[in-house]
Structure formats: C-alpha cells, structure tokens
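J.: After the structure tokens below, expect a handful of questions from me.
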Amino acid sequence: MYTPRRRAKKAKKAGPLRRIRLFIALCLVVFAGLGFGYIFAAYQSLPAVGNNMRPAVSSQVFDSHGRLITTLHSDQNRLPIDINKVPQNLQNAFIAAEDNRFYEHIGIDPIGIFRAIFANLTNRGIAQGGSTITQQLAKNAFLSQEQTLKRKIQEAMLALEIEHKYSKKEILTMYLNNAYFGNGVWGIEDASKKYFGVSASQLSLDQSAVLAGMLKGPEIYNPLYSVENATNRRNTVLQNMVAAGYIDQKTADQSAAVDIHGQLVDAYEGKSEDYRYPSYFDAVINEAVNEYGLTEEDIVKNGYRIYTELDQNYQASMQVIYDN
C-alpha cells in the first residue's frame, strides 16, 4: 500500500530536477553551436598559407665596385638572413625567451598555455604569454595585432598549418626575419645593424640576449630608450638559457657583466637620406620594370640585389650639376 505512494512522491520531486537538467543540456547545445559557428566563421576568413610564405623584403642596390649604395624599402624595412648564418646562441636566445618548447610542440602548446595561465594568476597580471613562436609568426605574417577572440582562433589555426607545411628550421628563419624590434626595424639582420652595427652572424651572446629580450616589448626594452630595462631583460634571457641547458651559469654571468651602452651604435639614422642619387635610381628601377616585366612594388618588396655600373664619385658630381 505504501510503495506506490513513495514512487509517486519521488517522481513528483524528479520533475523539477529533470527540467533543470534539460535546460542545462539545452544551454550547452546552444553554446556549443554558437562556438562552432564562431570557429567556422573564423576559419572561412582565414588567410591562405602559401608554399612560399615570406615577408616583404627590402632590395639593395650596389655600385660598380660591389659596395652597397642604398636600400629600397617597402612599407617595412627588412633584410633577410639565412638561418645557417645565424649563430646558435642567437637562435637559442630567442627560443629561451619566447618559446622554450619550440621543438616539442605542433604549433600550439597546451602545456605552455596552462603554465602561462598559472603564472598570470599567481602574479595577478600578465606575467607570461601563451603564444608559441609559430603563433607569433602567423600573427606577424598574416593577421592584425588586435586582441580579439577571432584573431586568437585564426592564429592557432594558422600555426597548425604552418607547422604542417614547414620545418622547424624554416619557421625559425621566417620568425627571425619577421620580428619587430622597434624604431621601424623589422628582422634580426636589420636589428643587428641598427643597434650594434654588425650583421646578425657577428652578434655576441650578450647582444643576442638583448635583441631576443626586446620582443616582449620593443619600446620598453629598447636599449636606445632605457639601458637599464634592456640590461635587466637581457639578464633574464640569459637565465632562461641556463634553465634550458643552452649555456652554463658561468657563461651567463660573464655575458651579464658586459656593458650594453658601450656597444650601441644607433645606426640607420635618416634612412631616407640613403636615397642619394634619385635620378639614377629612378632610371635603374625603370630599366628593371621594362626589361624584366617587374613592377615597382615587386622591386622594393622581393629582396633583389641590384648591381649597377654606378661610380659614386662621378655620380655625386653629376647629381650636383643636375640639381642646380
């Protein structure tokens, strides 16, 4: 006699709970659908990763003696360098500073993301970023710098595709040639010449750590603006290299003792003034356009090395006459 009543009572109580569960399930389905739709929309507008992905590269013009006369810049000044000419210490410095699991992940790094979240929560602020070198390359090469969910989704998708199409060595090469170092300087080769007056192939360990440290904040850690900030950041990069096993503590201490200020040259001031013989260069560009079917945009963005018969001594005299 009492059993049916108990069952009825339980069924009556289960009604509201069942409705709550159904409501929660419905919400999950709706949110999942919205999330999928958002991700699909981000995928639909994803830029194509070509088989020959490369940034716009400045072209160089040489005189009859093989001396560099000027660099023809596009919107960004960029001189590429082959990874085989980049010192191992320089490569390691960037990996230690930006992505110490670069050779282990597939473009995105869940371990690095969770570690960054934990560090940021512990420090109650942004102490670490979760982006890999490949994600940063995707952002610099294809996307805007805006901080939106759509951009982050696209960044991750592009990173996976880049890792699929290119080797780690190729990715690191493109990353170093794409990175921004402040003062309108793009790429490790131009940055090396800008701040230290040497090619990237000649950088010392402490100089490498300075440039690697700049990427976290090109204006904050710029040695031309604050030697103190640049020095502190360099020393952090050196300690990261120790932790990663790239160098020992003694080597790090020796490099940390080097004075940055005494090495700075602040080269490339007044780059536009390098265009010293406008009438001659106009003729060179016109000849390239007519002879090889190139456009002016092709010439300034594809990293050509243009050798001319220009004798700078004669041309300087002729330019004075022409200008007058």
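The values are calculated or read from the model by the stated rules, or taken from the named source; none is laboratory data. Bear in mind that the values here come from a model prediction, so they are computed numbers and not experimental data. Here Cβ is always computed from backbone atoms with ideal geometry, including for glycine, and neighbour counts include all displayed protein chains. Note: areas computed on protein heavy atoms with side chains; ligands, DNA, RNA excluded. Shrake-Rupley method; radii C 1.70, N 1.55, O 1.52, S 1.80 Å.
Every residue, every condition in (1) in contact with a helix residue (DSSP H, G or I) (Cβ under 9 Å, 6 or more places away or on another chain); (2) at pLDDT 90 or above, yes or no:
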| position | (1), (2) |
| --- | --- |
| PRO87 | yes, yes |
| ILE95 | yes, yes |
| ILE113 | no, no |
| ILE117 | no, no |
| TYR166 | yes, yes |
| THR173 | yes, yes |
| ASN177 | yes, no |
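J.: Hey, among VAL185, VAL198, which residue is among the β-branched types (Val, Ile, Thr) and free of Cβ contacts under 8 Å to residues at least 12 places away in the same chain?
T.: VAL198
J.: Counting only residues that are buried (at least 24 other Cβ atoms within 10 Å of the Cβ) and in contact with a strand residue (DSSP E or B) (Cβ under 9 Å, 6 or more places away or on another chain), give me the helices (runs of 4 or more DSSP H) lying completely in the stretch 130-216 with at least 3 of them.
T.: Of the helices (runs of 4 or more DSSP H) lying wholly inside the stretch 130-216, those with at least 3 residues that are buried (at least 24 other Cβ atoms within 10 Å of the Cβ) and in contact with a strand residue (DSSP E or B) (Cβ under 9 Å, 6 or more places away or on another chain) span 188-196.
J.: How many residues are part of a helix (DSSP H, G or I), under 19 Å from GLY66 (Cα atoms) and at pLDDT 75 or above if we restrict to the stretch 288-324?
T.: The qualifying residues number 1.
J.: Report, by residue number, each residue of the stretch 253-265 that is acidic (Asp, Glu) and not in a helix (DSSP H, G or I).
T.: ASP259
J.: Taking the stretch 217-239, which residues are closer than 21 Å to THR173 by Cβ and in contact (Cβ under 8 Å) with a residue 40 or more places away in the chain?
T.: The one that is closer than 21 Å to THR173 by Cβ and in contact (Cβ under 8 Å) with a residue 40 or more places away in the chain: VAL237.
J.: Every residue in the stretch 242-252 that is farther than 24 Å from ASN222 by Cβ, open to solvent by less than 80 Å² (accessible area, probe 1.4 Å) and assigned to a helix (DSSP H, G or I), please.
T.: VAL242, GLN249, THR251
J.: Shifting gears a bit: Could you count how many residues in the stretch 219-240 are over 15 Å from GLU98 (Cβ atoms) and either part of a helix (DSSP H, G or I) or among the basic types (Lys, Arg) (or both)?
T.: 7
J.: Follow-up question, since we're still on this one. Which of (1) modelled with pLDDT of 95 or more; (2) closer than 24 Å to MET174 by Cβ; (3) of a type outside the set (Asp, Glu) is the odd one out, the single condition GLY245 does not satisfy?
T.: Among (1) modelled with pLDDT of 95 or more; (2) closer than 24 Å to MET174 by Cβ; (3) of a type outside the set (Asp, Glu), GLY245 violates only (2).
J.: Among the residues of the stretch 158-182, write down those that are without any contact (Cβ under 8 Å) to a residue 40 or more places away in the chain and of a type in the set (Ser, Thr, Tyr).
T.: Selection gives SER167 alone.
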